[in-house]
Amino acid sequence: MPRPIANEPSAADAPPSIGKIFTAFAMIGVSSFGGGLVAYLRDVVVDREKWLTGDEFLGALEIGQTLPGLNSTNVAVIVGRKLRGPRGAAAAALGLILPGVAILIVLGLLYVRFHNNPDVAAALAGVAAAAVGLLLQVTLKIGGRSFLRPKDLMFIIPTFLMVGVFHVSLAATLFLLAPIAIWLNRPESLKKKTPAPSSDPEP
């Protein structure tokens, strides 16, 4: 009986197949709703499949939020690309998008037909209220630690005031706050780096 190669990766360490990536993200697209989508993404990618660590997912989300398009789709592309390259990115994005597209088409047709029904209007009002709760849950679950760190509050509060109260555009807000955030959160090696001593002889 041949002995296993010492450095041979186990099946558990192998990246998931394209089909598994598509299926996992399709299930997210079917079972998640509105602002809660990012929370479902984290549950599957971090807690269930363990494809990313919590910090890696937060990094992917931060990148996704600074790029055009939907945050959840951007995160799906980043995760798929990390797992299986461009094909994995395409599988993750299509898996996440296609179920929602199909459901939205059906619901759109029903809405056109029944939008004058008062029961439908009441149901939509309830959905809007639930969406606010989902967004709050996502904020606390993914970024809850940020509310406990004074350095993070230095950016949370100004961002909320600029975008939510004074209606400053997101691009302008990022342009103003991002350089400060990058400087304050630069690696410790750069913070401790000191200029090299001069080699000129003293007079």
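Odds and ends about this structure:
- Residues of segment 152-171 satisfying the condition of being over 15 Å from E62 (Cβ atoms) and assigned to a helix (DSSP H, G or I): L153, M154, I157, P158, F160, L161, M162, V163, G164, V165, A171
- The condition (being at positive phi and either modelled with pLDDT of 90 or more or outside any loop (DSSP other than H, G, I, E, B) (or both)) is satisfied by just one residue among G85, G143: G85.
- Where a residue in segment 99-123 is among the hydrophobic types (A, V, I, L, M, F, W, C) and its partner, wherever it lies, is open to solvent by 60 Å² or more (accessible area, probe 1.4 Å), with Cβ under 6 Å and at least six apart: V120/F114
- Long-range neighbours under 7 Å by Cβ, at least six apart or interchain, first residue among the small types (G, A, S) within segment 65-76, second outside any loop (DSSP other than H, G, I, E, B): S72/L37; S72/V38; S72/L41; S72/L96; A76/F25; A76/A92; A76/A93; A76/L96
- Given (1) among the hydrophobic types (A, V, I, L, M, F, W, C); (2) in a helix (DSSP H, G or I); (3) within 13 Å of the chain's Cα centre (by Cα), index of the condition L67 fails: (2)
- Flag if L67 is surrounded by 12 or more Cβ atoms within 10 Å (Cβ to Cβ) and under 20 Å from I28 (Cβ atoms): yes
- Residue list for segment 39-50, restricted to those being open to solvent by 20 Å² or more (accessible area, probe 1.4 Å) and closer than 12 Å to A76 by Cα: Y40, R42
- Residue in segment 6-14 that is among the acidic types (D, E), part of a helix (DSSP H, G or I), open to solvent by 100 Å² or more (accessible area, probe 1.4 Å) and modelled with pLDDT of 80 or more present: no
- Residue within segment 16-35 that is of a type outside the set (D, E, K, R), crowded, with 19+ Cβ neighbours inside 10 Å and in contact with a Ser or Thr (Cβ under 8 Å, 6 or more places away or on another chain) present: no
Table: residues versus (1) touching a helix residue (DSSP H, G or I) at 6+ places or on another chain (Cβ under 7 Å); (2) under 19 Å from F22 (Cβ atoms); (3) aromatic (F, W, Y).
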residue: Y40; (1), (2), (3): yes, yes, yes
residue: D47; (1), (2), (3): no, no, no
residue: A60; (1), (2), (3): yes, yes, no
residue: I78; (1), (2), (3): yes, yes, no
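- Top-ranked residue of segment 103-119 - restricted to ones that are part of a loop (DSSP other than H, G, I, E, B) and surrounded by 10 or more Cβ atoms within 10 Å (Cβ to Cβ), ranked as farthest from the chain's Cα centre (by Cα): N117
- Whichever residue in segment 51-64 is closer than 15 Å to A24 by Cβ and not in a helix (DSSP H, G or I) and, among such residues, is most open to solvent (accessible area, probe 1.4 Å): W51
The values are calculated or read from the model by the stated rules, or taken from the named source; none is laboratory data. None of the values given here were measured: they were computed from a predicted structure. Every residue, glycine among them, receives a Cβ derived from its backbone with ideal geometry; neighbour counts consider all protein chains shown. The accessibility values were calculated without ligands, DNA or RNA, using every heavy atom of the protein model including side chains. Shrake-Rupley method; radii C 1.70, N 1.55, O 1.52, S 1.80 Å.
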